[in-house]
Amino acid sequence: MQQPTYYEEIQRKGYSRRDFLRFATMMAAFLGLEGTAIGQVATALETKRRLPVIWLHFQECTCCSESFLRSTHPIVADILLDQISLDYTETLMAASGFQAEAAMQDTMKKYKGEYILCVEGSVPTEADGVYCMIGGKTSIQILQEAAEGAKAILAWGSCASNGCVQSARPNPTSATPIHKLVKGKPIIKVPGCPPIGEVMAGVIVHLVTFDRIPELDNLGRPKAFYSKRVHDTCYRRPFYDAGLYVESFDDENAKKGYCLYKMGCKGPSTYNACGVTKWNGGTSFPIQSGHGCIGCSEENFWDNGRLYERASSFAGFGIESTADTIGKIGLGVTVAALAGHAVMTNVRKHKMIHDLEEEGKEDAKELNI
């Protein structure tokens, strides 16, 4: 049986043409595409057959699936995710046991080289991988078997992208992110604990529309969603620039909405779309809710300092630099520049005086004075 197009499934589910176009517009906006690309997204969803998807779960808490289910637009969960369950996802599919395993094997054989492999969770490698087993196989075996025929791999969330809390010291199970276990396949990291549902949907829509992975940053994350720091788009940024900080939770400064940097906010060193896309239909994000960013989309964030201490580093200012030291450095540079200017001015004055004195001596000689 031939796979239906996304639009055919949307119609079958009872959505209107207007709902469909709104969804296409929303996805194009989240991907940072120009207005002219909306038609391209819509045409792709109308004409292209649904991508077969296998969604694996390893060491994780299922928060990525939960986030996807709660995306702003119902089409995201009802079509993109609901139709995924026809292939394989342990959390949502109706089948279980031998039927579930048969569904995955069938998809892998029938759509070899065409299906998308989504992985949620890290993979334990200690003790030959016995810490996470499904159907008598270790997660390492399942991953390698499923990755072999995949068109591309989506590492959902920080567990699959960087190991997350499972790989934090002392990492007893040797939890390992997907890119360190699979080679020779395009891997898209979509980190976050969890990632934003619209971000996850946007990555799938990009694959459907352009038949290629999106442009990635140096860590393998889609630039459309991870090119700016949370700090850069935070509505509290003016307070940071003015040096107005929350000193303790629920103090007067907190009530005024001042910057949460001193409360451990990692926004200045975290790349994510939280401040723009937000959560729960664009309602809010952690900083707006009064809690600092914990840097969950960055590698090794559990080991990058305590959650409620100031950010440990800023790119370009040394590993141990903080906003305070950066300020001191800036002040020191200014003072040094002023001092240097004063020295050079005095040097020029002395030279000028010396030159005038020499000119005066030459004039005196000529006049025999």
Counting only pairs 8 or more places apart or on different chains, how many lysine pairs in segment 141-233 have C-alpha atoms closer than 24 Å?
11
After finding the eigenvalues of the alpha carbon gyration tensor for segment 228-312, what semi-axes result from the square roots of 5 times each, listed largest first in whole Å?
18, 16, 11
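Could you work out the local net charge near H179, counting Lys and Arg as +1, Asp and Glu as -1, over the other residues with Cβ closer than 10 Å to its Cβ? If you can, show how the numbers build up before the last one.
Working: positive: K180, K183, K185, K189; negative: none.
Summing Lys and Arg as +1 and Asp and Glu as -1 gives +4.
By how many nm would the segment from K109 to R17 grow when fully extended, if each residue of separation counts as 0.36 nm and the alpha-carbon distance is taken off? Kindly include the intermediate steps, with their values, before the conclusion.
Numbers: separation 92, 0.36 × 92 = 33.12 nm, distance 3.46 nm.
Additional length available on full extension: 29.7 nm.
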Span from the segment 241-291 Cα centroid across to the segment 107-165 one, whole angstrom
35
Arranged by the count of other C-beta atoms within 10 angstrom, fewest first, what order do K255, K262 take?
K255, K262
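Can you pull out the trypsin sites (Lys or Arg not before Pro) in segment 106-193 that DSSP calls coil and that have at most 16 other Cβ atoms within 10 Å? Kindly include the intermediate steps, with their values, before the conclusion.
Values: sites: K109, K110, K112, K137, K151, K180, K183, K189; in loops: K112, K151, K183.
Here the sparse-neighbourhood loop sites are K112, K183.
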For segment 6-226, shape from the Cα gyration tensor axes a ≥ b ≥ c, cut at a/c of 1.5 then a/b versus b/c, turns out prolate
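Around A147, under 10 Å between beta carbons, what's the net of Lys plus Arg minus Asp minus Glu among the other residues?
Details: positive: K183, K185; negative: E145, E148.
Spelling it out: positives minus negatives among the neighbours equals 0.
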Could you please rank W279, W55, W156, placing first whichever residue has the fewest other Cβ atoms within 10 Å of its Cβ?
W279, W55, W156
Name the long-range amide H neighbours of A152: under 5 Å, sequence gap of 5 or more, or other chain; modelled H, no Pro or chain starts.
L117
Along the Cα→Cβ direction, 7 angstrom out, place labels at N218 and K255. What is the inter-label distance in nm?
4.5
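Read-outs throughout are calculated quantities, based only on the coordinates presented, and are distinct from any laboratory measurement. Predicted, not measured: the structure shown is a model, and the values here were computed from it. Note: ideal-geometry Cβ built from the backbone for every residue, glycine included; neighbour counts use all protein chains shown.
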